[in-house]
Amino acid sequence: MNSSHPHFQLGNTSALAAVQIDSLVKEFKPTRDFAQKNPEKINERGTVSAIDGLSLTAHRGEVCVLLGANGAGKTTTLACAQGLQKPTSGTVQLLGENPWGASPELRARVGIMLQDGGLPQAMRPIPLLKHISSMYQNPLKVDEIAERLGIHSFNGTTIRRLSGGQKQRVALAAALMGRPEVLFLDEPSAGLDPQSRNVVFEIIREQKEKGVGIILTTHLLDDAQRLADDVYIVDAGTVVRHGSVQELLAGEDSNHKRLTFTLADKLNTQRLTDRLGSDVTLIHLSDHHYALEGQLSPGVIAQLGAELEQQNLMPVSLELSQRTLEDVFLEISGRDIQ
Ligand SMILES: Nc1ncnc2c1ncn2[C@@H]1O[C@H](COP(=O)(O)OP(=O)(O)OP(=O)(O)O)[C@@H](O)[C@H]1O
């Protein structure tokens, strides 16, 4: 047994996990205003059900991604795991302890980057980071992390006036300052330009290499595809699918592929469908843009070629691809994640 592997099993596995959540339920008592505006969200007990029996384990040295549409329950799950909200029922363990009413020692081992930044509005970024660093025994060097995240370039501006992406970068630096063992990132790439996004992703990967357990929420499938060791797809407050990106993409049918092609002219779709049979579905995407989905064998590709030859159509483009997480999400929830 390799005891340096984060998954190694001793008696108490939850003490080894960064976060362990079992059958979490979280209901909110709505304000009168909320109830009037969202009558469809109020259940028979007069509450709003945000989390409905959700379980997950986030390991140290791994990136655990909670993927779901707006309102799926990702932020509420994080808030319960961080000890910011008290579960209605179920259990939550953060580094083996109950986070609700956690000791300052436990809090010091955890880094939190909230969705809205949660930063004091009137301060400038670097003085704020210096203030945060003074709370820790062995903090990161403020100048180094500020340099890395390009914070010096907007240090003359108060938090209130920063752009969304700039606030995100300060919030990430703040979350990293105390060299946490667990890092919570709520929508970390929201509002970032592509260059900053790459830097943030690089930092997340480095933290993971150092053995930090990272839990991040996103509704961006590309984030999940690039970062995740483990993905929990969350819908209506519960986990609807769990696995590595590869496992989710393979699904029950690892041969399931998609062939998209664009033609210079209109295709007689009926003739192609008759030729291909029922194992393959032809989808008319737009204008002269089509897709074949299903069990795509070399025989199917040969039949497509033969039919295009018959109809005297030359493809402008032709691309074979695996399913994406977007396809998986669509299959599970019946709707688009965005
Ligand atoms: N304080 C509250 N009072 C009433 N309902 C709430 C409260 N907080 C959250 N909810 C409801 O709980 C559900 C889950 O919300 P949550 O913010 O956890 O979703 P999310 O997946 O993080 O969404 P987003 O991607 O938009 O941040 C939503 O239906 C939301 O309206």
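What follows draws every value from the coordinates through simple rules; no lab data is involved. Every value quoted in this text rests on a predicted model; they were computed, and no experiment measured them. Here Cβ is always computed from backbone atoms with ideal geometry, including for glycine, and neighbour counts include all displayed protein chains.
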Next on the checklist: Given R₀ = 41 Å, what would the calculated FRET efficiency be for residue 236 paired with residue 135, taking r from the Cβ atoms and rounding to 0.05?
Outcome noted: 0.60
Checklist outcome for this item: Surrounding charge for residue 232, neighbours by C-beta under 11 angstrom, Lys/Arg +1, Asp/Glu -1, total 0
Item to check | 9 Å beta-carbon shell around residue 88, net charge (K/R +1, D/E -1) | outcome: +1
Next on the checklist: Using the basic label-point model (7 angstrom from Cα toward the beta carbon), what is the residue 55 to residue 285 distance in nanometres?
Outcome noted: 4.0 nm
Checklist entry - Helix hunt in the chain: which complete DSSP H runs extend at least 30 Å axially by C-alpha with mean Kyte-Doolittle at least -0.5? => result none
Next on the checklist: Using the crude model of +1 on Lys and Arg Cβ and -1 on Asp and Glu Cβ, and no other charge, please compute the dipole size for segment 123-218 relative to its Cα centre, in debye to 20.
Outcome noted: 280 debye
Checklist outcome for this item: For segment 252-333, the charge dipole (Cβ of Lys, Arg +1; Cβ of Asp, Glu -1; about the Cα centre) points to a positive end, and the Cα of 273, 289, 311 closest to that extreme belongs to 311
Checklist outcome for this item: Cβ-Cβ cut-off under 9 Å around residue 313, Lys and Arg +1, Asp and Glu -1: the net charge is -2
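By how many nm would the segment from residue 306 to residue 210 grow when fully extended, if each residue of separation counts as 0.36 nm and the alpha-carbon distance is taken off?
Length difference between fully extended and current span is 29.1 nm.
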Item to check | Relative contact order [Cα under 8 Å, 6+ residues apart], segment 252-333, whole percent | outcome: 44 percent
Checklist entry - Which ³J(HN,Hα) values, rounded to whole Hz and listed in residue order, are derived for segment 260-267 from phi using the Karplus coefficients 6.51, -1.76 and 1.60 in 6.51 cos²θ - 1.76 cosθ + 1.60 with θ = phi - 60°, glycine and proline given as x? => result 9, 8, 10, 10, 7, 9, 6, 8
Checklist entry - Across the chain, how many lysine pairs, 8 or more apart or on two chains, come within less than 26 Å at their alpha-carbon atoms? => result 26
Checklist entry - What length, rounded to one decimal in nm, is gained on full extension from residue 202 through to residue 29, with 0.36 nm per residue of separation minus their alpha-carbon distance? => result 58.3 nm
Next on the checklist: Can you report the principal axis dimensions of segment 252-333 using only the alpha carbons, biggest first, rounded to whole angstrom?
Outcome noted: 38, 24, 19
Checklist entry - trypsin sites (Lys or Arg not before Pro) within segment 163-268: which are DSSP loop residues with at most 11 other Cβ atoms inside 10 Å? => result 210, 266
Checklist outcome for this item: Karplus-derived 3J(HN,Hα) from phi for segment 83-99 (6.51 cos²θ - 1.76 cosθ + 1.60, θ = phi - 60°), whole Hz, x at Gly and Pro, runs x, 8, 10, 8, x, 6, 7, x, 10, 10, 10, 10, 6, x, 10, 6, x
Item to check | Residues of segment 59-80 with amide N under 19 Å of a point placed 7 Å along Cα→Cβ from residue 332 | outcome: 59, 63-79
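Where does the chain land at 222 nm, in deg cm²/dmol rounded to the nearest 500, when only DSSP H runs of n ≥ 4 count, each adding -39500 (n - 2.57), divided by all residues?
Rounded to the nearest 500, it is -9000 deg cm²/dmol.
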